[in-house]
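Worksheet for the structure shown next.
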Number of protein chains: 2
Amino acid sequence: MSLFIGLDLGGTNLKYALGTGDGDLVVRYSKPSLAFQRQNKIFENMFSAVEQLMDEAARRGETVVAIGVGSPGCVDFEIGQLLGSTPNFEDWTDAPIKQRFEERFHLPTWVDNDANMMALAESRKGAGKGYRSILCATLGTGIGGGMVMNGEVYRGSHYSAAEIGHIVIEINGRPCNCGNRGCLEAYAAAPAIVDRYRQKLKRFGVMFEIQGLNTETIFLKASLNEDLAKETIIETCDYLGTGLASVANIIDPDLIILGGGVAEAGDEFIQRIEQSVKQNAIGAIARKIRVVKGKLDVDAGIIGAILLAAENFAAKKAK
Amino acid sequence: MSLFIGLDLGGTNLKYALGTGDGDLVVRYSKPSLAFQRQNKIFENMFSAVEQLMDEAARRGETVVAIGVGSPGCVDFEIGQLLGSTPNFEDWTDAPIKQRFEERFHLPTWVDNDANMMALAESRKGAGKGYRSILCATLGTGIGGGMVMNGEVYRGSHYSAAEIGHIVIEINGRPCNCGNRGCLEAYAAAPAIVDRYRQKLKRFGVMFEIQGLNTETIFLKASLNEDLAKETIIETCDYLGTGLASVANIIDPDLIILGGGVAEAGDEFIQRIEQSVKQNAIGAIARKIRVVKGKLDVDAGIIGAILLAAENFAAKKAK
């Protein structure tokens with residue numbers, strides 16, 4: 001049987017796996033991604049992961065036929081290269097991933113943005129299975145997005161589609177890391193949630209700094225009925241619902257799938273976001289759209305990378 | 001030569017034309033659309049337009065092989081039927097356009113939303129020619145949108161894509177006709193522009209009501225350096241730029257094409273919107289996107305309808 005290698009490069013870990021053409025994982029591993037090292041080191045780290053997986057395949061009497069790589073940042077899918085830099089990586093600017101991999105392994109390699117990989121995986125094997133068009137939103141330190149439209153990953157004309165963290169929900173609003181103001185990310189990404197909660201505490205007269213405050217502790221406090229935490233979460237759902245409804249009014253997907261750390265906050269959180277999306281979206285979208293949590297969790301990225309390799313390999317062979 | 005009939009049903013006029021498979025118009029006409037009459041009357045009015053064009057074709061020794069219809073409202077493209085109602089039409093709810101036309105003329109008929117028709121026409125023969133993905137925005141009494149993505153009209157899972165008038169640019173902002181608050185349309189559609197200008201006048205102490213105030217007079221006053229009118233226009237460009245940048249951050253098109261009455265306000269207006277889009281969009285989109293006026297003007301709708309018929313007829317034959 002022909003197997004595929006998938007790599008999911010993150011700011012902390014590199015996940016890597018061997019899988020079938022259907023995206024079923026045969027083995028999966030994880031190790032530090034060395035994000036703060038030089039580009040060459042990051043590549044060597046990825047190459048040794050590939051070698052390990054090829055040995056693994058050989059031991060099983062199988063052949064690896066193609067490689068898929070998911071990377072943060074804007075990726076030129078045609079040439080398989082980063083466009084510019086990406087946060088959390090010091091020396092990953094313009095990294096020529098496809099070229100380096102193909103030179104090294106003489107295997108066809110495809111590279112795409114990590115949020116697109118999540119969208120592909122959830123669309124084929126996760127919460128989006130059976131749907132034509134889905135939007136995946138990753139809620140974490142930033143808010144990212146990936147779209148599958150009419151069954152295909154939609155990348156946009158400059159490989160910059162689905163930047164849903166940077167739609168403006170309040171003109172001239174809170175400053176965002178991107179330099180603009182009022183972006184969804186500036187209200188509903190993890191640091192913004194923590195910041196809004198801190199401001200509420202301050203207004204309430206809490207003058208000391210709470211150590212180790214993060215979204216998990218805020219969700220915990222909310223579940224224990226702490227008023228300001230609850231208020232913070234309810235507002236977060238409204239911000240996310242408003243932003244995601246705007247996105248839905250534009251691309252009219254069947255389904256919005258939530259992933260990322262913040263999406264782990266529980267069913268009530270997801271339901272409240274769905275409610276807000278339905279209140280803010282129009283017509284048929286409001287009536288029919290659903291908001292759900294992703295099904296593939298931390299494996300979405302590598303499953304997506306394996307599917308990326310498998311689908312593009314099949315399409316190439318068919319030509 | 002095989003010819004195609006295109007109809008563009010508007011709130012005021014029905015435009016209808018005979019054209020080639022390339023979307024070149026052979027003849028074009030216009031007559032009142034009878035929007036406030038019963039559904040049957042509107043159909044009979046459209047049917048007599050088709051008969052007139054078929055006579056015209058016969059006189060030229062040509063055959064009409066398919067019909068394309070653009071209608072306002074949400075159109076189920078598969079069955080060629082309105083989904084629900086549409087403003088300005090009293091009895092157009094759920095109108096079964098494709099069925100009625102095919103029963104009457106025994107010619108294959110395709111029906112789509114009028115903004116999609118504009119996008120198709122501008123993409124094939126207008127300002128968007130040669131580009132892969134474009135967004136058309138119609139600025140008028142409402143703000144509508146149509147998208148061509150990777151060369152195809154993108155309709156969404158519920159035929160409701162590109163509702164760009166209803167993305168929220170200010171959470172809990174100005175009330176919108178759709179029932180929501182803060183929608184782009186509530187700030188930058190023609191009635192909102194007039195309303196914002198009126199409020200400025202009021203704040204400035206002008207207590208009498210200005211008769212016949214509309215966007216044209218405001219643009220005229222702005223061109224004559226009237227401060228409040230200028231302020232109103234500059235704000236309008238910021239609202240539009242913010243909203244269109246959000247849309248661009250999601251679908252990452254090559255080009256945004258503006259149409260509709262408000263887009264007639266002149267080059268400076270368009271340029272200022274482009275500037276604001278570039279300020280508000282991120283990364284590669286900000287650097288590369290362009291905002292231009294449509295090239296096909298009032299004919300975009302019928303050219304789109306003819307292309308809709310021609311392209312779907314060709315695809316059907318190819319099967």
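The values are calculated or read from the model by the stated rules, or taken from the named source; none is laboratory data. Given the structure is predicted, the values throughout are model-derived calculations rather than measurements. Neighbour counts run over all protein chains shown; Cβ positions are idealised from the backbone, glycine included.
Would you mind stating whether B:Leu220 is free of Cβ contacts under 8 Å to residues at least 12 places away in the same chain and either more than 21 Å from B:Ala127 (Cα to Cα) or not assigned by TED's automatic domain parsing to the domain that holds B:Gly283 (or both)? Spell out the reasoning first.
Values: free of Cβ contacts under 8 Å to residues at least 12 places away in the same chain: yes; either more than 21 Å from B:Ala127 (Cα to Cα) or not assigned by TED's automatic domain parsing to the domain that holds B:Gly283 (or both): yes.
Yes, satisfied.
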Reported set for region B:170-208 where residues are among the charged types (D, E, K, R), farther than 23 Å from B:Phe269 by Cβ and over 25 Å from the mean Cα position of the chain (by Cα) is B:Lys202, B:Arg203
From the list A:Arg174, A:Arg155, pick out the single residue that is of a type in the set (Lys, Arg), at pLDDT 95 or above, touching a strand residue (DSSP E or B) at 6+ places or on another chain (Cβ under 7 Å) and surrounded by 15 or more Cβ atoms within 10 Å (Cβ to Cβ). A:Arg174
Against the condition within 20 Å of A:Gly304 (Cβ to Cβ) and either out of contact with any Leu (no Cβ under 8 Å at 6 or more places or on another chain) or at pLDDT below 95 (or both), how does A:Leu82 come out, does it pass? yes
Among the residues in region B:158-179, are any on the phi > 0 side of the Ramachandran plot, assigned by TED's automatic domain parsing to the domain that holds B:Ile210 and touching a Phe, Trp or Tyr at 6+ places or on another chain (Cβ under 8 Å)? yes
Selection within region B:128-149 - more than 14 Å from every other protein chain (Cβ to nearest Cβ), of a type in the set (Ser, Thr, Tyr) and buried (at least 22 other Cβ atoms within 10 Å of the Cβ): B:Thr138
Residues of region B:150-173 satisfying the condition of being more than 7 Å from chain A (Cβ to nearest Cβ) and among the hydrophobic types (A, V, I, L, M, F, W, C): B:Val153
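Residue by residue, here is whether (1) touching a helix residue (DSSP H, G or I) at 6+ places or on another chain (Cβ under 6 Å); (2) small (Gly, Ala, Ser); (3) not assigned by TED's automatic domain parsing to the domain that holds A:Thr12 holds:
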position	(1), (2), (3)
A:Ile282	yes, no, yes
A:Ala286	yes, yes, yes
A:Ile289	yes, no, yes
A:Gly304	yes, yes, no
A:Ala314	no, yes, no
Residue identified as at pLDDT 95 or above, closer than 20 Å to B:Leu120 by Cα and over 20 Å from the mean Cα position of the chain (by Cα) among B:Ala66, B:Ala49, B:Ala57: B:Ala66
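Considering only region B:200-209, how many residues are surrounded by 14 or more Cβ atoms within 10 Å (Cβ to Cβ) and modelled with pLDDT under 90? Spell out the reasoning first.
Keep residues of region B:200-209 that are surrounded by 14 or more Cβ atoms within 10 Å (Cβ to Cβ), which gives B:200-201.
When the remaining residues are screened for being modelled with pLDDT under 90, the result is none.
Residues that pass the stated criteria total 0.
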What number of residues within region A:144-153 satisfy the criterion of being of a type outside the set (A, V, I, L, M), touching a residue at least 24 places away in the same chain (Cβ under 8 Å) and under 27 Å from B:Cys183 (Cβ atoms)? 3
Hand me the list of strands (runs of 3 or more DSSP E) wholly inside region A:1-105 holding 1 or more residues that are of a type in the set (Phe, Trp, Tyr) and surrounded by fewer than 22 Cβ atoms within 10 Å (Cβ to Cβ). A:25-32
Restricting region A:106-119 to residues that are assigned to a helix (DSSP H, G or I) and within 14 Å of chain B (Cβ to nearest Cβ), the one surrounded by the most Cβ atoms within 10 Å (Cβ to Cβ) turns out to be A:Ala119
Being free of Cβ contacts under 8 Å to residues at least 24 places away in the same chain, within 15 Å of A:Lys293 (Cβ to Cβ), of a type outside the set (Asp, Glu) and assigned by TED's automatic domain parsing to the domain that holds A:Lys202 is true for just one of A:Ile256, A:Ile270. Which residue is that? A:Ile270
If you go through region B:182-199 one residue at a time, do you hit one that is assigned to a loop (DSSP other than H, G, I, E, B), at pLDDT 95 or above and either within 11 Å of chain A (Cβ to nearest Cβ) or out of contact with any strand residue (DSSP E or B) (no Cβ under 6 Å at 6 or more places or on another chain) (or both)? yes
Reported set for region B:211-229 where residues are surrounded by 14 or more Cβ atoms within 10 Å (Cβ to Cβ) and over 27 Å from B:Gly145 (Cβ atoms) is B:Lys221, B:Ser223, B:Glu226, B:Leu228
Might you check whether a residue that is within 14 Å of chain B (Cβ to nearest Cβ) and under 14 Å from the mean Cα position of the chain (by Cα) occurs anywhere in region A:120-127? yes
Among residues belonging to region B:85-141 that are modelled with pLDDT of 95 or more and aromatic (Phe, Trp, Tyr), point out the one that is farthest from B:Ala300 (Cα to Cα). B:Phe105
Requiring at least 2 residues that are closer than 26 Å to B:Ile171 by Cα and either more than 11 Å from chain B (Cβ to nearest Cβ) or more than 23 Å from the chain's Cα centre (by Cα) (or both), the helices (runs of 4 or more DSSP H) wholly within region A:211-319 are A:215-223, A:227-251, A:267-280, A:283-288
